[in-house]
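To start, the structure under review is shown below, and the notes come after it.
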Amino acid sequence: RFHGRGCGAVVTVENLFSHEKFCGYAPVSCTNDGCRHKRISQLNRKDLGAHKMRCEWRLISCPFGCGDVLTFNQTNAHKNLCVNAPVDCEKGCGVSVKRKDLSSHVTHCLLAVIPCEVSG
């Protein structure tokens, strides 16, 4: 039945149902919401695992460790908002800190300009 998809198996009618149930060339859909392969069964069963590993719509934990769960294709947008994403010091000292720690770093940065406290 899946010969046109690449299956070369020759089975008896008696075993056809059993074969179709596990055939690597049976059409399957991606289970990730948003993936175009979820709407149409165009993946071969044998390719589903590899697809799910690289699917743009797979769920991942925030790569910066904030605990959010997002789809892989949201990573760049999330990086611009994530409190744990690395940002460079705006003073130009070359230090990279978590976004949530930036204001504290800027206050104590070696390149911060502070007024002289000597009265005179």
Can you return the aspartates and glutamates within cross-link range of K52? Criterion is Cα-Cα under 15 Å, with same-chain partners fewer than 8 residues away left out. D33
Cα to Cα, under 24 Å, and not fewer than 8 places away if on the same chain: which lysines meet these conditions relative to K46? K21, K38
L70, L111, ranked by accessible area, largest first (probe 1.4 Å): L111, L70
Using the alpha-carbon atoms, what tilt in degrees (0 to 90, nearest 10) does helix 13-22 show relative to the longest principal axis of the chain? 0
Magnitude of the Cβ-charge dipole (Lys and Arg +1, Asp and Glu -1) of the chain about the Cα centre, nearest 20 debye, reported as 600
Using helices alone, what [θ] at 222 nm do you get for the chain, with -39,500 (n - 2.57) per DSSP H run of 4 or more residues, divided over all residues and rounded to the nearest 500? -6500 deg cm²/dmol
Hey, what's the chain come to in accessible area per residue, 1.4 Å probe, Å²? 73
Net lengthening on full extension, E20/V106 (0.36 nm per residue, minus Cα-Cα): 24.6 nm
Pop a pseudo-label 7 angstrom from the Cα along the beta-carbon direction at both H3 and I114 and give the gap in nm to one decimal. 8.2
Rounded to a whole %, the carbon-and-sulfur portion of the accessible area of the range 1-102 at a 1.4 Å probe is 53
Near-label residues of the range 45-81 by backbone N, under 19 Å of a point 7 Å along Cα→Cβ of S96: 62-67, 75-81
Consider a paramagnetic label point 7 Å from the Cα of V11 along Cα→Cβ; state which residues of the range 26-41 have an amide N under 11 Å from it. 26
For K98, which lysines qualify as cross-link partners when the Cα separation must be under 28 Å and same-chain residues fewer than eight apart are set aside? K79
Which whole-number value in Å³ per residue fits the convex hull of the alpha carbons of the chain? 122
³J(HN,Hα) computed for each position of the range 29-40 - Karplus, 6.51 cos²θ - 1.76 cosθ + 1.60, integer Hz, glycine/proline x: 10, 5, 9, 7, 4, x, 6, 5, 6, 7, 6, 10
Normalise the Debye intensity by I(0) for the range 45-97, one equal point scatterer per Cα, no solvent, then take log10 at q = 0.14, 0.20, 0.21 Å⁻¹ and round to two decimals. -0.49, -0.74, -0.78
Work from the charge dipole of the chain (Cβ charges, +1 for Lys and Arg, -1 for Asp and Glu, about the Cα centre) and give the residue of A85, S29, F17 farthest towards its positive end. F17
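The values are calculated or read from the model by the stated rules, or taken from the named source; none is laboratory data. Remember, it's a predicted structure, so these values are computed and weren't measured experimentally. Here Cβ is always computed from backbone atoms with ideal geometry, including for glycine, and neighbour counts include all displayed protein chains. Please note that ligands, DNA and RNA were not included when accessible areas were found on the heavy atoms of the full protein model with its side chains. Shrake-Rupley method; radii C 1.70, N 1.55, O 1.52, S 1.80 Å.
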